[in-house]
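Just so you know, all these numbers are worked out from the coordinates, no wet-lab data involved. All values reported here derive from a predicted model rather than from experimental measurement. Cβ sites come from the backbone with ideal geometry, for glycine too, and all protein chains shown count toward neighbours.
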Amino acid sequence: MNAIIALSLFGITNLFLGFLNNRKILLPATLLFVLIAFGLNLADWNHEYYWFHNMLKTNNLSINFTSIILVATALVVAISRGFGNDEEHTHPAEYYGILLFSVVGAIMMVTFQSLFMLFVGIEILSVAMYVLTGSDKRNLRSNEAALKYFLMGSFATGIMLFGIALVYGATGSFDINGIGNMVNQAKLQDIMLNPYGPILYGGITLIFVGLLFKISAAPFHFWTPDVYDGAPSIFTAFMSTVVKTAGVAATYRLLSISFPAVYGLWGNPLVYITCLTLFIGNITAVYQQSFKRMLAYSSISHAGYLLITVLAKTPTTNSSILFYSLAYSIATISAFAVLMVVSEAQSKSGKPDETFTALNGLAKNNPFLAFVLTVSMLSLAGIPLTAGFFGKFFIFADAFSNVSSLFKTIAVVAILMSTVGIYYYFKPIIAAYLKKGDLEKIELSPIYKLTLIITTALTILLGIAPDLVKNIF
């Protein structure tokens, strides 16, 4: 909670820093603000607190999710070097301020105790993302992406809000524990004989649809490729890591606390949604010619992997979701960091070249960037000795440990789709090492290079000794 208050104040502070003539102070200041929030978050470790009339709750699980969100935010801020290059059309103070406000919404999504706060958190995060997606006003793709995201996001939020109203009407409570108790009682008395049973079922379904939209699960994923492709790459990196982590955490928190008694209602459809998400995300990524668009479909597929362990409901579900979210986030940020510098160096007609061909010959003059790219792709593909391997291993282990034979089927589908993923994740590696290109040496700022070293080292370290983090979770 202290992190929420601090980030709100830091966001306002950033806006005032915009009045200074020195833009170079904004990045280190924002990075410092995020690190302070990270420290305040850890200060609550092993303590359980209720805030704002019991509408927010912090415990070790929410602190872990918040830590991943703040680590990802710090890494994204560290590679946001392009904000101040164009003094006429860029406004870094506003960008950093809005980014910090969006993190406030993400933290609320992982600490909510009331459906009120879930809605408020989603809105704070979503409105900030609508603005940042369209921040490149001279780019028609960015404008189109912002409009599409806004319209579809507004519909999804409206659907979820209607679902919240129905659940309140059936249970008389916005508190997720209170809702869980009422649902348990209704289940014991045969929920369908209860006059509010159909209303409750309808409300759960609508909330479920709204949350699945936020994490880009199929068939609610149609906005994702165009929005991720059109948004500035730095904000795409933020959306595919911080926003997805917050969405998955919120979904897991709500389903595991409020609706475990009606597992059949949401569990059975989620099985098909998970398989569909894995299939669409991986198969469609194979046909992409744009590296950035491939990462967008990759993000969809990773939502499917995370949903597996939400479904499995094993004692290790908490740590599996957390480890996978961390592994996925640091690898994705590494990939986007390489994409940004290479696409700018290979720009055509003033527009960044985000196709796979832009990576041709990367290893010749930029071996460090090629190595970072290789490690990130191997991790996303789930290759051993990377964090992504153990991320998928823990999730598959959760699926196989469930007594239901259905989970064995889901795990087999996920493993098959992982093999498909290896094909398209190796495309940038092949371009970097085996294809000829004329890419010159790219100069990196010290903080940019340090960030890539940190993300790559973490990916390898967690692939060799995953228990270093897994035991904390």
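Ranking S418, L212, T455 by how far each Cα lies toward the positive end of the dipole of the stretch 2-470 (charges on Cβ) leaves S418 at the top. Counting only residues at least eight positions apart within a chain, or on another chain, the aspartates and glutamates with an alpha carbon under 15 Å from that of K57 are D44, E48, D175.
Each residue of the stretch 269-277 was assigned a 3J(HN,Hα) from its phi angle through the Karplus expression (A = 6.51, B = -1.76, C = 1.60, θ = phi - 60°), giving x, 5, 4, 5, 5, 4, 5, 5, 4 Hz with x at Gly and Pro. Over all orientations, the stretch 279-381 has a Cα convex hull whose mean projected area works out to 7.1 square nanometres.
Could you line up S376, S233 from fewest to most neighbouring Cβ atoms inside 10 Å?
Least crowded to most crowded, the residues run S233, S376.
Ordered by the number of other Cβ atoms lying within 10 Å of each residue's own Cβ, fewest first, R138, R293, R23 fall into the sequence R138, R23, R293. Label positions at W51 and N184, each projected 7 Å from the Cα along the C-beta direction, are separated by 2.7 nm.
Shown for D353, D136, D398, D467: other C-beta atoms within 10 Å of each C-beta, ranked fewest to most, produce the order D467, D353, D136, D398. The C-alpha atoms of the stretch 145-253 occupy a region whose extents along the principal axes are 52, 21, 20 Å, arranged from largest to smallest.
Which entries in the list K137/K392; K214/K313; K392/K435 go over 27 Å, if you measure between the two C-alpha atoms of each?
Values: K137/K392 39 Å; K214/K313 21 Å; K392/K435 30 Å.
Result: K137/K392; K392/K435 exceed 27 Å.
Axis angle, to the nearest 10 degrees, between helix 197-214 and the longest C-alpha principal axis of the chain: 10 degrees. Helix 291-312 and the longest principal axis of the Cα set of the chain meet at an angle near 30°.
In units of the compact-protein estimate 2.2 N^0.38 Å, the stretch 365-406 shows a Cα radius of gyration of 1.63. For the chain, the longest principal axis of the alpha carbon atoms and the long axis of helix 26-42 meet at an angle near 30°.
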